[in-house]
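Student: One structure coming up, written as structure tokens, with questions to follow.
The values are calculated or read from the model by the stated rules, or taken from the named source; none is laboratory data. The structure displayed is predicted, hence computed values, not measured ones. We place every Cβ from the backbone using ideal geometry, glycine too, and count neighbours over all the protein chains shown.
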Amino acid sequence: MAIAPVNEDGTTDYNNVAIVYAGTNMPNETGKSGFGSAVNAFNGNISEEYKQAEKFLNQTQKKVAQKGGSITDVAGFSQSGGYMMKMAGEHGQKFGFRTTSFDDWGKNQFNTLTYDEQQWLKKNPEFLIRYQNDSWANASGRDWKYGTVSQISGAGFGEHSTLAKYFDGDILNLDRLAKDGIFAPNMTLEQVKLAAKVWAKKNSKFNPLANDKSEAKKRVEEYLELYGKYAKGNANLTALKSTTDKGITNLQKSIAGASGSKKIELRVDLANAVAKKAKIVGEEAEKILKKMQQDMEHEISELSKEILNGANEIRQYLSYAEVQEMIAPYEKNKLWDSVQASENMGEIQQDKEKLTTFSEKLTIIAKNIQDYDGQAGSSMFTPK
């Protein structure tokens, strides 16, 4: 299917059209099963569905071109995800759209491209985004080196899906993945530790002899083996800021070359974009500080417990007073300053409130500009 966003005034935005292709129907689902073409993809051939996909792409492209618009994104899941590589090489470079595959199915799909298409894809990996779960789709013999690949580890063997619930728009929410025990590229050390801890707890249900703490440590090491390193900063915050900054820059450039009502319209959009950024920065800053303090408090609690347990083991050699004197400096209330933590949160909340207020005021100003422009336009044509 083809999808286009709708503008605030009810018109269709043909400049941002996306096309999505479904995966293979199961035997209990309506429509063609597609199992035959899935077998062909498993054997390293292009799926027969690709011809139908091309036909729909070309039909949509003609309709969109008539409206002066363009296709910006094409995506597929499972079997259709497999031929997204061919779609990128053959049509993505021609029309300039980005291609995304979710848990793609199919062996040696790179070999279905012509030599020129292969060379183009190697030079432009950002035009093919691939999300691969650790599901049974791995059995199709798919590669993991062409395009921009994000290997998702911890979702589970049976989780052959788009993982749609973990996306905010086109951004993979790493915090939500971590809370469900799932690894993904560009995670911070804190996110990796949380994901490892949750994963170990989930999997210990199947092994009563497993030690959650040691399993979590092993899992963290596995992350480094799989992805090589931790991210230095929160990728979601960086992506949000980057997207908003680009939007603001583009609007500023457009305003410079516009005039009349178009200039006013763009100024409204710019005000709304800046308002959005202010709100994002405030909310994300609060989340990050809260998470950091929670992690630090947890680490201190664990350290204090370890010291106390160690002291209990040597009680037989020392007097009670000597043991108490030894552990007193390491009690949690001495190591963790809850008053300071509360003050930190208070300060960041004040900053967030200021940014939120600024955002709300700017949004109101944008609306007032829009209303004034509409009234001014109407008065020009009012009989006197």
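Student: Among the residues of the range 152-160, is there at least one that is among the small types (G, A, S), part of a strand (DSSP E or B), touching a residue at least 12 places away in the same chain (Cβ under 8 Å) and surrounded by 19 or more Cβ atoms within 10 Å (Cβ to Cβ)?
Tutor: Here is the first cut: in the range 152-160, the ones among the small types (G, A, S) are 153-156, 158.
The next check asks that each one be part of a strand (DSSP E or B); those that pass are 153.
After this cut, where a residue has to be touching a residue at least 12 places away in the same chain (Cβ under 8 Å) as well, the list is 153.
Going one step further and asking which of them are surrounded by 19 or more Cβ atoms within 10 Å (Cβ to Cβ), we end up with 153.
Within the range 152-160, one or more residues are among the small types (G, A, S), part of a strand (DSSP E or B), touching a residue at least 12 places away in the same chain (Cβ under 8 Å) and surrounded by 19 or more Cβ atoms within 10 Å (Cβ to Cβ).
Student: Residue check: is T148 among the polar types (S, T, N, Q) and either out of contact with any strand residue (DSSP E or B) (no Cβ under 8 Å at 6 or more places or on another chain) or buried (at least 16 other Cβ atoms within 10 Å of the Cβ) (or both)?
Tutor: Numbers: among the polar types (S, T, N, Q): yes; either out of contact with any strand residue (DSSP E or B) (no Cβ under 8 Å at 6 or more places or on another chain) or buried (at least 16 other Cβ atoms within 10 Å of the Cβ) (or both): no.
No: the conditions fail for T148.
Student: Would you point out which residue out of E49, E117 is free of Cβ contacts under 8 Å to residues at least 40 places away in the same chain, surrounded by 17 or more Cβ atoms within 10 Å (Cβ to Cβ) and closer than 14 Å to A22 by Cα?
Tutor: On the way: E117 fails: closer than 14 Å to A22 by Cα.
None of the others qualify; the one that does is E49.
Student: Taking A137, is it among the aliphatic types (A, V, I, L, M) and more than 19 Å from F42 (Cα to Cα)?
Tutor: On the way: among the aliphatic types (A, V, I, L, M): yes; more than 19 Å from F42 (Cα to Cα): no.
No: the conditions fail for A137.
Student: Counting residues that are among the polar types (S, T, N, Q), modelled with pLDDT under 90 and more than 30 Å from T99 (Cα to Cα), which helices (runs of 4 or more DSSP H) fully inside the range 167-272 reach at least 1? Steps first, answer last, please.
Tutor: On the way: elements: 174-179, 189-203, 212-227, 235-256.
Of the helices (runs of 4 or more DSSP H) lying wholly inside the range 167-272, those with at least 1 residues that are among the polar types (S, T, N, Q), modelled with pLDDT under 90 and more than 30 Å from T99 (Cα to Cα) span 189-203, 212-227.
Student: Among the listed residues G34, G68, identify the single one that is surrounded by 16 or more Cβ atoms within 10 Å (Cβ to Cβ) and farther than 26 Å from T148 by Cβ.
Tutor: On the way: G68 fails: surrounded by 16 or more Cβ atoms within 10 Å (Cβ to Cβ).
Step by step, each of G34, G68 is checked, and only G34 is surrounded by 16 or more Cβ atoms within 10 Å (Cβ to Cβ) and farther than 26 Å from T148 by Cβ.
Student: When the range 71-81 is examined, which residues are found to be crowded, with 17+ Cβ neighbours inside 10 Å, hydroxyl-bearing (S, T, Y) and either outside the structural domain of L113 (by TED's automatic domain parsing) or at negative phi (or both)?
Tutor: S80
Student: Here's something else I'd like to know. Cβ-Cβ under 6 Å, sequence separation 6+ or interchain: first residue in the range 129-144 and closer than 11 Å to G82 by Cα and touching a residue at least 40 places away in the same chain (Cβ under 8 Å), partner of a type outside the set (G, A, S) and assigned to a strand (DSSP E or B). Which pairs?
Tutor: Cβ pairs passing all conditions: R130/V149.
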